[in-house]
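Novice: Below you'll find the structure I mean.
The values are calculated or read from the model by the stated rules, or taken from the named source; none is laboratory data. It should be emphasised that the depicted structure is a prediction, and the values quoted were computed from it without experimental measurement. Neighbour counts run over all protein chains shown; Cβ positions are idealised from the backbone, glycine included.
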């Protein structure tokens, strides 16, 4: 948890994630939840970032993605180490994580970047995500729902 706290205040992470205390509370609660699976990303045995998958249909609150097809999983992630930004790690780790989720049976994976985060949107497009719709977040910001479909699940679309 101290490592996550350090990453969440790094300018390249803090620009797109919420307040550190709020995010830390949500991550801590997610560890024991049935609807979120959080992971620390490692490169050569060293922690470099955070990624999580979640099932919007198991969220007990008001999840804006409960309209997605059953089995859809959402993901959130960041590379925490500034020296590793812009080197292709994000594209590779997201592609590998999505492939793992597809192998586990997910028909569709979604994410919801701020449309102003053009670097992230480009990374997601490289992986194969496509824009679905723009919407307002519960905090009043803009978000872009993006999705990628499992090629082995014809009913994902």
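Novice: In this structure, is residue 41 in a strand (DSSP E or B), under 18 Å from residue 113 (Cα atoms) and without any contact (Cβ under 8 Å) to a residue 60 or more places away in the chain?
Specialist: no
Novice: Filtering segment 72-91 down to residues that are assigned to a loop (DSSP other than H, G, I, E, B) and in contact with a strand residue (DSSP E or B) (Cβ under 7 Å, 6 or more places away or on another chain), which residue is surrounded by the fewest Cβ atoms within 10 Å (Cβ to Cβ)?
Specialist: 85
Novice: Does segment 7-16 contain at least one residue that is at pLDDT 80 or above, over 16 Å from the mean Cα position of the chain (by Cα) and in a loop (DSSP other than H, G, I, E, B)?
Specialist: Checking segment 7-16: at least one residue is at pLDDT 80 or above, over 16 Å from the mean Cα position of the chain (by Cα) and in a loop (DSSP other than H, G, I, E, B).
Novice: Could I ask something else about it? Checking the conditions here, which among 73, 101 is closer than 26 Å to residue 132 by Cα and without any contact (Cβ under 8 Å) to a residue 40 or more places away in the chain?
Specialist: On the way: 101 fails: without any contact (Cβ under 8 Å) to a residue 40 or more places away in the chain.
It is 73.
Novice: Does residue 47 qualify as being more than 28 Å from residue 149 (Cβ to Cβ) and in contact with a strand residue (DSSP E or B) (Cβ under 9 Å, 6 or more places away or on another chain)?
Specialist: yes
Novice: Please determine, by comparing only the residues of segment 113-126 that are crowded, with 20+ Cβ neighbours inside 10 Å and in contact with a strand residue (DSSP E or B) (Cβ under 7 Å, 6 or more places away or on another chain), which one is nearest to residue 153 (Cα to Cα).
Specialist: It comes out as 124.
Novice: Of all residues in segment 49-71 being under 14 Å from the mean Cα position of the chain (by Cα) and not in a strand (DSSP E or B), which is surrounded by the fewest Cβ atoms within 10 Å (Cβ to Cβ)?
Specialist: By that ranking, first place goes to 56.
Novice: Test each condition in (1) in contact with a helix residue (DSSP H, G or I) (Cβ under 9 Å, 6 or more places away or on another chain); (2) without any contact (Cβ under 8 Å) to a residue 12 or more places away in the chain for residue 136 and report the one that comes out false.
Specialist: The one condition residue 136 does not meet is (1).
Novice: Another question, if that's okay. Where the second residue is surrounded by 15 or more Cβ atoms within 10 Å (Cβ to Cβ) and modelled with pLDDT of 85 or more and the first is over 15 Å from residue 51 (Cα atoms) and lies in segment 1-30, which pairs have Cβ atoms under 6 Å and are six or more apart or on separate chains?
Specialist: These pairs meet every condition: 12/85; 20/8.
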